[in-house]
1. Filter the stretch B:5-30 down to residues that are more than 15 Å from residue A:52 (Cα to Cα), in contact (Cβ under 8 Å) with a residue 12 or more places away in the chain and touching a helix residue (DSSP H, G or I) at 6+ places or on another chain (Cβ under 7 Å), then give me how many there are.
2. Any idea which residue in the stretch A:126-146 is farthest from residue A:72 (Cα to Cα), counting only those that are in a helix (DSSP H, G or I), touching a residue at least 60 places away in the same chain (Cβ under 8 Å) and more than 8 Å from every other protein chain (Cβ to nearest Cβ)?
3. Look at the stretch B:126-144 and say how many of its residues are over 30 Å from residue B:429 (Cβ atoms) and buried (at least 20 other Cβ atoms within 10 Å of the Cβ).
4. Considering only residues of the stretch A:110-125 that are free of Cβ contacts under 8 Å to residues at least 60 places away in the same chain and in a helix (DSSP H, G or I), which is farthest from the chain's Cα centre (by Cα)?
5. Return yes when residue B:6 is closer than 30 Å to residue A:41 by Cβ, surrounded by fewer than 16 Cβ atoms within 10 Å (Cβ to Cβ), at the interface with chain A (Cβ under 7 Å from one of its Cβ atoms) and at pLDDT 80 or above and no when it is not.
6. Mind listing whichever residues of the stretch B:239-253 are in contact (Cβ under 8 Å) with a residue 12 or more places away in the chain and either within 11 Å of residue B:209 (Cβ to Cβ) or in a strand (DSSP E or B) (or both)?
7. Among the numbered criteria (1) under 17 Å from residue B:392 (Cα atoms); (2) within 14 Å of chain A (Cβ to nearest Cβ); (3) in contact with a helix residue (DSSP H, G or I) (Cβ under 6 Å, 6 or more places away or on another chain), which one does residue B:126 miss?
8. Residue by residue through the stretch A:1-15, note down the ones that are more than 8 Å from chain B (Cβ to nearest Cβ) and either at pLDDT 85 or above or within 29 Å of residue B:399 (Cα to Cα) (or both).
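The values are calculated or read from the model by the stated rules, or taken from the named source; none is laboratory data. A quick note: this is a predicted structure, and the numbers were derived from the prediction, not measured. All Cβ positions, even for glycine, are placed from backbone atoms using ideal geometry, and neighbour counts span all protein chains on display.
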């Protein structure tokens, strides 16, 4: 995995755009993990960046720009999912794919609680450190570590149970 | 047993290479295009919104945003045409320096020391509104940078004189996010002047000042392809010091990239002590627990909960009925230093509310006006704390996009959310304490 740390502390439009273009598919996949719908995920990422653009002068460097943007994407994806749940009234969403994933592998991650799922995605896709994940999810860095351990343990158990 | 977590995550979501990033769409959703139609200068034109022109009244009923935009466009076209004509005349007739001499003088005007120091001024598109008169004044964001190639970058940001942040860090290698920023006026400008790759592209008038426009280009590499850009810099005549910078791509302005340069110079390495800033702890905020009220029957309870008479707009405002009033218990900070607060939210909306989780009722969407009040400036209610000190009673700050207003009135910090500046101003002017009798 390519390490892509980001210490940018000023939310200029150029810096926000740079992050958007550099990590667009990472943002998209984490949003999709939350929304379970490709269109919703795309919308969530666009809305997250629109929101970041609007509030860029409010960014105060309390976290790294990258962390701030990840928080925006996660919050936006959660909002999109909530809105979708209400609008669709629990309609089942089927993710279309030309090359559908292995149902077993898909189910392994799907079975995890949302926080564990998110921590995994932010660690492996966003490449965020514990402190940044803690900021995005508004939990303590210690909880991030514990949650990651729980997620790995749950995945190991599940893999062993698969015949 | 070892598991490949990354492979499992890959199987859970699909890589969709066919979905390309669409930055223009993000800008449109942010409303930036609309603003830039009015704000952007043309290379040879006079910038609109001269200082003082921001002193317009939001009370004026003219004035749906659409109408203002059309009027602005018409004016812009007329002004642009006149300015272009003026620029052509000036370019054709004025005895000027050769292009090479312009570049040489521009370079010598900032010096050749290793540390570049630039002070930018951004129009935040946010305004303060006087709630008695409706008059507005703009809010500016000042961004100061000291940059030494490959070594240090120091940022200092202030809003109306208040320091928003001051951060210094080592530059081990430039990252994608900052490459374009550094390649622009901080570093690329000087390089382009020195190696002759900058070009004189026009002469004209900008905010009443005679300027010479130069341009230099660069490229930034992204997973989805290269991004070719051009920086256009307006140099004030006759000093040829940069006055304004903006970016174009494919010959078109890039929304939101325009910045005024109020100062630029180079400094000797030892003139400044760079010291890396300590990391700043993130602010953690959240809400838990809500309690619904009936109004006006529960006015006393709400007043007791808040510790001050709540402010409201009656049972109906601008045709929108009061849909709900809820008390929210809020917190900020991590466990050891956590502080708790009480907030009250009133929702005026054309549609019934919906529950979005934890019992919270949603008050967003079209034809909706939300009032959130607390005795403290709460980040949960979007209070931009660095700007708070400048928010005097009787004044409202209208945030970027024009749909959020912040006022300190009758001892309460009030956040208003509405469709636009005019609605926000009308609501803020009409707020009054609820009767508890």
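1. Here the count works out to 1.
2. Looking only at the stretch A:126-146, we keep the residues that are in a helix (DSSP H, G or I), and these are A:130-137, A:141-146.
Next, from what is left, pick out any that are touching a residue at least 60 places away in the same chain (Cβ under 8 Å): A:132, A:135-137.
Of the ones still in play, those that are also more than 8 Å from every other protein chain (Cβ to nearest Cβ) are A:132, A:136-137.
Numbers: A:132: 13, A:136: 8, A:137: 10 Å.
If we take residues in the stretch A:126-146 being in a helix (DSSP H, G or I), touching a residue at least 60 places away in the same chain (Cβ under 8 Å) and more than 8 Å from every other protein chain (Cβ to nearest Cβ), then A:132 is farthest from residue A:72 (Cα to Cα).
3. 1
4. Step one: list which residues in the stretch A:110-125 are free of Cβ contacts under 8 Å to residues at least 60 places away in the same chain, which gives A:110-113, A:115-116, A:119-120, A:123.
Subset that is in a helix (DSSP H, G or I): A:110, A:115-116, A:119-120, A:123.
On the way: A:110: 14, A:115: 10, A:116: 11, A:119: 8, A:120: 9, A:123: 9 Å.
Per the stated criteria, the residue is A:110.
5. Working: closer than 30 Å to residue A:41 by Cβ: yes; surrounded by fewer than 16 Cβ atoms within 10 Å (Cβ to Cβ): yes; at the interface with chain A (Cβ under 7 Å from one of its Cβ atoms): yes; at pLDDT 80 or above: yes.
It is true that residue B:6 is closer than 30 Å to residue A:41 by Cβ, surrounded by fewer than 16 Cβ atoms within 10 Å (Cβ to Cβ), at the interface with chain A (Cβ under 7 Å from one of its Cβ atoms) and at pLDDT 80 or above.
6. Scanning the stretch B:239-253 gives B:239, B:241, B:242, B:243, B:244, B:245, B:246, B:247, B:248, B:249, B:253.
7. Every condition holds for residue B:126 apart from (3).
8. Kept after step one, since they are more than 8 Å from chain B (Cβ to nearest Cβ), are these residues of the stretch A:1-15: A:2-3, A:11.
Scanning the stretch A:1-15 gives a single hit, A:11.
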